[in-house]
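Let me begin by presenting the structure, written as structure tokens, before commenting on it.
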Amino acid sequence: MIARPIYAVLEREVVRMLRQKTRLVSAMVRPLIWLLVIGTGFGTVIGESRGIPYQSFLIPGVIGMTMLFGAMLAALTTVYDKESGVMRMMIIAPLPHFWIVIAKVLSAALAAILQALLLIVLLALLGFISAETDFALLALALLITSLACAGIGMLTASFTRTLDNFAAIMNFVIFPVFFLSGSLYPVQNLPEILRWIATINPYTYGVDLLKHAMLGSTTMAADFSRLTDISVLISFTLLAIAISSWRFSRETAYEPMIHRLTGPKR
Amino acid sequence: MIAPAIDQTTTPAAISAAGLVKRYGALTAVDGLDLEIPAGQFFGLLGPNGSGKTTTIHMLATLVRPSTGRVRIGDIDVSQHPVLARRQIGLVFQESALDRTLTVRENLRFAGWLYNLPAAVSERRSAELLELFDMTDRRDKPVVTLSGGMRRALDIVRGVLHEPRVLFLDEPTIGLDLPNRRRIWRFIERLRARTGMTVLLTTHYLEEASPCDRVCFIRKGKLVDEGEPAALVDKLGRHILEVEADDLDTLKARLAPKLGDCLIDGDTAFFRHGEEDLSELAQLQTDTAELATAWRVRRPNLNDVFMWISAGKELRA
Ligand SMILES: Nc1ncnc2c1ncn2[C@@H]1O[C@H](COP(=O)(O)OP(=O)(O)O)[C@@H](O)[C@H]1O
Ligand SMILES: [Mg+2]
């Protein structure tokens, strides 16, 4: 019943992603630049972090980055859908409207996973993937981290009326989420206030789980237990879906679609 | 006496609304509307911009909750079973609902999946409908490259892909030039001939709604009149006379005893003429030649009907 509509949204996301070559290329180039430029630069200053070379420490962070950016951009197409009208097609279809939110979250997660897999292949070719990697845990981490990132994106999208303020979203959502996590340095090494912020940032737990999966089972680089990471990520995703669905189910959510011509001037 | 066997309880109207009201703060966009539209009817909801047509359609189509009032699609209560209701209806929005970055085929494929149609069914119906609207050769073109008229036609194809029983068309001709408006009307006609679906259309180009079976005029969210287009127009008269003059008052005084009441818009006066024979008008034209700067006689249309009703005048001259 609901499988075809969800498939529709997933297929559209993948078609659009493959068509927007620059989006895909920059999703690969951005993390590689971080790894090679920042990783090498900081690496010479910092040396080792928690007993591993800084560049290796950064690997889970840049994979997380690809997922965060990929999922955020895909989830934010929901705002584009509202502006451009495609959302009209979805709200008039015979399905409860919370399924639209779920489908968009799934499609954003899918986009993120595909980009992360591509990056992992590239990193493996460059020799950055450790032999100690726990691939089963990595698969789980990719799945639930991308869902959580999609959740962050969907929450943002449900509170955003137009993409005019995309720069603001970059500055006040995506960058803080990325920098105030354990991506660049262990959470425990952060000053207290930042550590506190990182602890309530769900993305932190995604990167942490990636560290568990990629830096060896005895790694000291992770800050939380696997169980903590998994529970936080799943709970956050469910919460994000619930809040976004609630935002979306109010009829004012359709106002931007309904009132371009006749509505009160904004 | 026994009434003929048309039983309203076993054949519910395709669309029925009772006491429909929508308030936005202090503004009442729709103000106590009752509608009863039988299956298969081509119904026109007419009114100027801002009169509440779109709000009404969105309430009928489950997207906006009425402040008060009740809506049924067939025997489904829209506020209790919105998903079931949406399965029965197609809605073509006033503004496009297409993904401009995808091709015609990709858009229809997406719409088909949303309605849970198997790929083969949606593919076959898309092909048939595009054929019906003379658009087969546009199938693999991105929507961006289509003209406004084509895009609107594709929006309609999208809206009927799932073969709804009831189709809502919100201003299907808005923003199009005259030839394209005619084409869209032709497409709607073909579609109705093929499927027999109930169609509720809104437009603020009132005069184009004459193909409808029944029209209803609304103003400020209230119903002002309704009826069969031809009957409404007939009630108004056989001709409309438009006269322009610098000294309208004198002209009006001269013509009123013969033609009755008129409407004034700027420097033009509109009179009604009830007879098919034009000799009386010809005589009047000669008599007032020194006053009138322009003199036009034409058939009345639904726009005239609306203007006369809005001015609070009786339709009958
Ligand atoms: N969500 C809304 N918030 C505030 N005002 C609204 C809203 N929706 C409609 N209106 C107002 O209600 C009136 C009717 O609008 P609409 O139904 O779009 O008219 P139409 O389709 O006949 O042009 C307009 O004055 C419009 O500005
Ligand atoms: Mg409208």
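The values are calculated or read from the model by the stated rules, or taken from the named source; none is laboratory data. For clarity, every value in this text was computed on a predicted model and none was experimentally measured. Every residue, glycine as well, gets a Cβ built from its backbone with ideal geometry; the counts of neighbours run over all protein chains shown. Calculation scope for accessible area: heavy atoms of the full protein, side chains included, ligands and nucleic acids excluded. Shrake-Rupley method; radii C 1.70, N 1.55, O 1.52, S 1.80 Å.
Would you point out which residue out of A:175, A:159, A:135 is surrounded by fewer than 22 Cβ atoms within 10 Å (Cβ to Cβ) and under 12 Å from the mean Cα position of the chain (by Cα)?
A:175
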**OP:** Tell me which of these residue A:61 doesn't satisfy, since it passes every other one: (1) in contact with a Leu (Cβ under 8 Å, 6 or more places away or on another chain); (2) within 14 Å of another protein chain (Cβ to nearest Cβ); (3) small (Gly, Ala, Ser).
**Re:** (2)
Original post:
Only one of these conditions is not met by residue B:255: (1) surrounded by fewer than 17 Cβ atoms within 10 Å (Cβ to Cβ); (2) more than 16 Å from ligand 1 (Cβ to nearest atom). Which number is it?
Top reply: (1)
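Answer with yes or no whether residue A:24 is free of Cβ contacts under 8 Å to residues at least 24 places away in the same chain and touching a helix residue (DSSP H, G or I) at 6+ places or on another chain (Cβ under 9 Å).
So residue A:24 does not fit the description; no.
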Original post:
Among B:214, B:194, B:182, B:190, which is touching a Phe, Trp or Tyr at 6+ places or on another chain (Cβ under 9 Å), open to solvent by 70 Å² or more (accessible area, probe 1.4 Å) and more than 16 Å from ligand 2 (Cβ to nearest atom)?
Top reply: B:190
**OP:** Please give the strands (runs of 3 or more DSSP E) falling wholly within the range B:21-126 in which 1 or more residues are exposed (fewer than 15 other Cβ atoms within 10 Å of the Cβ).
**Re:** B:27-37, B:68-73
Original post:
Taking interchain pairs and intrachain pairs at least six residues apart, which have beta carbon atoms under 8 angstrom, with the first residue in the range B:122-141 and more than 20 Å from residue B:188 (Cβ to Cβ) and the second open to solvent by 70 Å² or more (accessible area, probe 1.4 Å)?
Top reply: B:122/B:109; B:123/B:109; B:139/B:105; B:140/B:105
Original post:
How many residues are closer than 18 Å to residue B:41 by Cα and over 15 Å from the mean Cα position of the chain (by Cα) if we restrict to the range B:160-186?
Top reply: 4
**OP:** Would you check if residue B:215 is modelled with pLDDT of 90 or more and within 18 Å of the chain's Cα centre (by Cα)?
**Re:** yes
**OP:** Answer yes or no: is there a residue in the range A:101-119 that is among the β-branched types (Val, Ile, Thr), in a helix (DSSP H, G or I) and under 18 Å from residue B:89 (Cβ atoms).
**Re:** no
Subject >> Filter result (within 13 Å of chain B (Cβ to nearest Cβ) and open to solvent by 10 Å² or more (accessible area, probe 1.4 Å)) within the range A:96-116 >> reply: A:96, A:97, A:98, A:99
Original post:
How about the range B:286-307: which of its residues are of a type outside the set (Asp, Glu) and open to solvent by 80 Å² or more (accessible area, probe 1.4 Å)?
Top reply: B:286, B:293, B:296, B:299
Original post:
Taking the stated definitions as given, is residue A:166 surrounded by fewer than 18 Cβ atoms within 10 Å (Cβ to Cβ), away from chain B (no Cβ under 14 Å), assigned to a helix (DSSP H, G or I) and aromatic (Phe, Trp, Tyr)?
Top reply: yes
**OP:** Could you please let me know if residue B:86 is closer than 16 Å to residue B:165 by Cα and charged (D, E, K, R)?
**Re:** yes
